[in-house]
Amino acid sequence: MQRSQMDSLVFELEKLTHSMIERLNLLTSEELVQNIDARQAIIDQIVSFAATEPLNEQHKATLQAVIGHDELIRGRLEYFKREASDWLQQRDRAKMQRSAYEVSYSPDSILMDKRK
């Protein structure tokens, strides 16, 4: 891989990250995961390239700036996690309330009393 390819990868990662941050509150959870996967693919390529040839200072600075946005992305993922958890808890509460009113015996059963 040549230096221009590394420039291209770093630029692509920066562009993708900025695009993601600009639309962070508008992205669905699926879109966010797709963007994170795309970022990871680029990062994997950068890491494999950096193993053979060290990064220059410009690349390091750009990558540090990109890493600085990770906390915002992580926060949005936490939001989706809480939202899903709340939905599951609400669903469980509704299921318990519904089961309290459901008949737990067979309507065709016969009740027999004993005489004393």
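A compact table of results
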read-out	value
Single residue of D37, D86, D70 found to be modelled with pLDDT of 95 or more and not polar (S, T, N, Q)	D37
Pairs, first closer than 22 Å to S19 by Cβ in the stretch 54-66, second in a helix (DSSP H, G or I) and not hydrophobic (A, V, I, L, M, F, W, C), C-beta under 8 Å, six or more apart	H59/D7; T62/E14; A65/E14; V66/E14; V66/T17
Extreme residue, nearest to Y79 (Cα to Cα), among residues of the stretch 1-55 that are more than 13 Å from the chain's Cα centre (by Cα) and of a type in the set (D, E)	E22
Qualifying positions in the stretch 44-87 - of a type outside the set (A, V, I, L, M, F, W, C), in a helix (DSSP H, G or I) and under 15 Å from L32 (Cα atoms)	D70, E71, R74, G75, R76, E78, Y79, K81, E83
Filter result (touching an Asp or Glu at 6+ places or on another chain (Cβ under 9 Å) and of a type outside the set (G, A, S)) within the stretch 28-42	I42
Close pairs (7 angstrom Cβ cut-off, 6 or more residues apart or separate chains): in a loop (DSSP other than H, G, I, E, B) in the stretch 14-36, charged (D, E, K, R) anywhere	L24/R76
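The values are calculated or read from the model by the stated rules, or taken from the named source; none is laboratory data. Note that the structure is predicted; figures quoted are calculated from it, not measured. Neighbour counts run over all protein chains shown; Cβ positions are idealised from the backbone, glycine included.
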